[in-house]
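All remarks here apply to the structure that follows.
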Amino acid sequence: MSKDVSIHEFGHLFVDLLGGMNNSFVKRGRDLLRGTELEKMVLKLYANEGMTEEEMDKEVMATAIGYEGALLYDQEK
């Protein structure tokens, strides 16, 4: 298990607790990730999972939260 996994999973909960894709803060975050390498990687990874657009958006957000959280964790060490 890599260090971003637990933060990634918390990211799913965090996004949902904020109101999901209906929250303006979450929407803005998702918009900032459009066209990035991270988005491309997640879309490719989950392309055959039958996810809705909203589920995919949340997966992109959770992945970004996981990566950023892992970077912060490394900086604090």
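The values are calculated or read from the model by the stated rules, or taken from the named source; none is laboratory data. Remember, it's a predicted structure, so these values are computed and weren't measured experimentally. So basically every Cβ, Gly included, is an ideal-geometry build from the backbone, and we count neighbours across all protein chains shown. The area values use the complete protein model at the heavy-atom level, side chains included, leaving out ligands, DNA and RNA. Shrake-Rupley method; radii C 1.70, N 1.55, O 1.52, S 1.80 Å.
Among the helices (runs of 4 or more DSSP H) contained in the chain, which hold 1 or more residues that are basic (K, R)? Break it down stepwise before answering.
On the way: elements: 4-17, 24-33, 37-45, 53-76.
Counting at least 1 such residues, we get 24-33, 37-45, 53-76.
Specify the residue that is surrounded by the most Cβ atoms within 10 Å (Cβ to Cβ); the eligible residues are those in segment 47-77 that are within 18 Å of D16 (Cα to Cα) and more than 12 Å from the chain's Cα centre (by Cα).
Here the residue is M51.
Any residue in segment 20-43 that's over 15 Å from T63 (Cα atoms): show its pairings with residues that are at pLDDT below 95 and surrounded by 11 or more Cβ atoms within 10 Å (Cβ to Cβ) at Cβ separation under 8 Å, as long as the two are six or more apart or on different chains.
Filtered contacts from segment 20-43: no entries.
For segment 18-46, which positions are aromatic (F, W, Y) and surrounded by fewer than 13 Cβ atoms within 10 Å (Cβ to Cβ)?
Passing the criteria: only F25.
For I7, which of the numbered conditions (1) open to solvent by less than 50 Å² (accessible area, probe 1.4 Å); (2) within 13 Å of the chain's Cα centre (by Cα); (3) modelled with pLDDT of 95 or more fails to hold?
Here I7 meets the rest and fails (3).
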